[in-house]
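One structure is given below, encoded as structure tokens.
The values are calculated or read from the model by the stated rules, or taken from the named source; none is laboratory data. Quick caveat, the model's predicted, so the values are computed rather than measured. Note: ideal-geometry Cβ built from the backbone for every residue, glycine included; neighbour counts use all protein chains shown. Keep in mind that these areas ignore ligands, DNA and RNA; they rest on the heavy atoms of the full protein, side chains included. Shrake-Rupley method; radii C 1.70, N 1.55, O 1.52, S 1.80 Å.
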Amino acid sequence: MISSFKQILNSIKSSNFVLDSTITLDEYCAFDLSITNKSLNNFNITNPIECQNYIDSVLEGQNAKIAWGGYLEKRDLYSNNKNFSQANSQRNIHLGVDFWTKAGTKVIAPIRGKIHSFRNNSIKGDYGPTIILAHQFVETKFYTLYGHLSLESIESLRIGYVFEAGETIGTLGTPDINVNYAPHLHFQIILDMEGNRGDYPGVCSEETLEFYSKNCPNPNLLLQLPS
């Protein structure tokens, strides 16, 4: 089932974009927030201002507008947040792809989908305003999650509303709204929502990685962005 789902994602014709499509692919650059990135030693990335300073340095160095990456990346980004720690277990493995760019940037649907749920997940370290779309291809249903949006993105939504591929679904939020992160989009694919609405774990621990990596495959299987 998991293998066939990945094949389905590969076969879907998407717009390739989840952000403003006037920003071309040659204005994207790869971005590494993993614990193995030694250049992060000079920044406290748990502070949104310092994190933004690092992002800006990468964008400027690459002459880019959007920095992206992070699927199954082990990070220190969550180390100062007790919501990511439980006894001897630390949730620090990222389950989606992040796109780091300016607040207010348009977020678009890469494929047709209807609103499954939405919520402002306002606890520090969570997603802030979040939209989840449901998609159906042949007999397979799956979901895409868009986190760290602006409050305006969820103000006039209704469950079941359909967004066509390429249609704007919202905009990126500021750090005060996206609960203490530098502005970015968290984009995640989910096979089974497990009864969740408006939210789903975007970070897991080593102990739960096997399950979540299967339930949340690499979003680039769908987007097919050049790495």
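Among residues of region 183-223 being more than 12 Å from residue 96 (Cα to Cα) and small (Gly, Ala, Ser), the one that is modelled with the lowest pLDDT is 205.
Select from region 150-192 the residues that are assigned to a loop (DSSP other than H, G, I, E, B) and either closer than 21 Å to residue 51 by Cβ or open to solvent by less than 10 Å² (accessible area, probe 1.4 Å) (or both) and list them in ascending order. Within region 150-192, 150, 173, 174, 175, 176, 177, 178, 179, 180, 181, 182, 183 qualify.
Within the option set 124, 141, 114, being open to solvent by 30 Å² or more (accessible area, probe 1.4 Å), out of contact with any Phe, Trp or Tyr (no Cβ under 8 Å at 6 or more places or on another chain) and closer than 22 Å to residue 191 by Cβ holds for one residue only, 141.
Would you confirm whether any residue within region 5-17 is modelled with pLDDT of 95 or more and open to solvent by less than 80 Å² (accessible area, probe 1.4 Å)?
no
Among the residues of region 137-158, the ones that are in contact with a strand residue (DSSP E or B) (Cβ under 8 Å, 6 or more places away or on another chain), within 22 Å of residue 177 (Cα to Cα) and either in contact (Cβ under 8 Å) with a residue 40 or more places away in the chain or not charged (D, E, K, R) (or both) come to 12 in all. Restricting 113, 96 to residues that are touching a Cys at 6+ places or on another chain (Cβ under 8 Å) and modelled with pLDDT of 95 or more narrows the list to 96. Figure legend. Inter-residue proximity from region 1-30: first residues at negative phi, second residues open to solvent by less than 30 Å² (accessible area, probe 1.4 Å) and small (Gly, Ala, Ser), beta-carbon distance below 7 Å, spacing 6+ or different chains. Indicated pairs: 27/64; 28/64; 29/64; 29/67; 30/69. Determine whether residue 147 is crowded, with 21+ Cβ neighbours inside 10 Å and at pLDDT 95 or above. Spelling it out, residue 147 is indeed crowded, with 21+ Cβ neighbours inside 10 Å and at pLDDT 95 or above. If you go through region 18-53 and keep only what is surrounded by 15 or more Cβ atoms within 10 Å (Cβ to Cβ), within 19 Å of the chain's Cα centre (by Cα) and not in a loop (DSSP other than H, G, I, E, B), you end up with 19, 28, 29, 34, 48, 51, 52.
When you go through (1) surrounded by fewer than 21 Cβ atoms within 10 Å (Cβ to Cβ); (2) more than 20 Å from residue 21 (Cα to Cα) one by one for residue 102, which number turns out not to apply? Checking residue 102 against (1) surrounded by fewer than 21 Cβ atoms within 10 Å (Cβ to Cβ); (2) more than 20 Å from residue 21 (Cα to Cα), the one that fails is (2).
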